[in-house]
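Only one structure is covered here, and it is reproduced in the block below.
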Amino acid sequence: AYGRPSMSPDGQRLAIEVSEGSGTDIWSYDWQRDTMTRLTFTGNAMFPLWSPDGRYIAFVALGEGMSVARSDGAGKPQPLSQSKDGRPMSFTADGKRLAFNELSSGKIHLWTVPLESDGAGLRAGKPEVFLQTPADERNPSFSPDGRWMAYSSDESGTFQVYVRAFPDK
């Protein structure tokens with residue numbers, strides 16, 4: 001079974017979840033070559049998200065937290081965050097920050113983490129709370145200029161879309 005497709009920034013590849021038996025892993029499909037490349041081998045990888053430069057795919061390793069794999073399949077996936085319940089949702093256009101959902105005390109809240117890319121891969125700094133209220137906040141998405149974040153919240157009693165300045169000062 002295939003799920004949660006994520007298109008590469010250049011539109012040439014597709015990251016997808018492939019479920020076989022009791023496990024799910026992240027694969028990349030290249031349209032031009034008509035080939036699939038397996039990126040994870042743990043059976044617990046979900047929610048692929050491309051970095052803006054197309055070099056990396058962030059994902060959740062269930063029970064282990066957020067990780068990142070090179071999109072060309074080279075090397076092993078690396079942990080991105082110590083957060084066990086984080087799910088990557090949106091990169092800023094420059095790739096220097098990642099927004100993610102995190103489950104805490106039965107509610108989902110919004111966090112961001114600064115990122116650096118070096119020759120060895122993508123490295124995360126210290127995660128920072130963006131929005132944590134008594135409501136559920138989900139699905140953060142940075143604006144193309146990185147100055148705004150759209151998200152959904154049930155603070156009104158039903159989920160609605162909200163937009164806040166980023167950073168929220």
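The values are calculated or read from the model by the stated rules, or taken from the named source; none is laboratory data. Every value quoted in this text rests on a predicted model; they were computed, and no experiment measured them. Heads up, the Cβs are rebuilt from the backbone with ideal geometry, glycines too, and the neighbour counts pull from every protein chain shown. Ligands, DNA and RNA are excluded from the accessible area calculation, which covers all protein heavy atoms including side chains. Shrake-Rupley method; radii C 1.70, N 1.55, O 1.52, S 1.80 Å.
Placing unit charges on the Cβ atoms of the charged side chains and taking the dipole of segment 37-169 about its Cα centre, the candidate lying farthest along the positive direction among 165, 58, 91 is 58.
Comparing Cα centroids, segment 16-60 and segment 92-169 end up 22 angstrom apart.
With each label modelled as a point 7 angstrom along the Cα→C-beta vector, the residue 53-residue 154 pair spans 3.9 nm. The mean accessible area for residues of segment 29-113, using a 1.4 Å probe and ignoring ligands and nucleic acids, is 47 Å² per residue. If R0 equals 30 Å, the separation of the Cβ atoms of residue 93 and residue 135 corresponds to a calculated FRET efficiency of about 0.60. For segment 17-169, the Cβ-based charge dipole about the Cα centre amounts to some 300 debye (Lys, Arg positive; Asp, Glu negative; other atoms uncharged).
Less than 12 Å Cβ to Cβ from residue 134, Lys/Arg counted +1 and Asp/Glu -1: what total charge do the surrounding residues give? List each step's numbers first, then the result.
On the way: positive: 107; negative: 136, 137, 154, 155.
Taking every other residue near residue 134 into account, the sum is -3.
For segment 9-62, the alpha carbon positions stretch 31, 22, 12 Å along the principal axes, listed from largest to smallest.
Does segment 1-130 come out rounded, prolate or oblate by the C-alpha gyration tensor, with a ≥ b ≥ c the root eigenvalues, rounded set by a/c under 1.5 and, if not, prolate when a/b is larger than b/c and oblate if not? Walk me through the numbers before you get to the answer.
Values: a/c = 1.78, a/b = 1.28, b/c = 1.39.
Oblate shape, in that a/c is at least 1.5 and b/c is the bigger or equal ratio.
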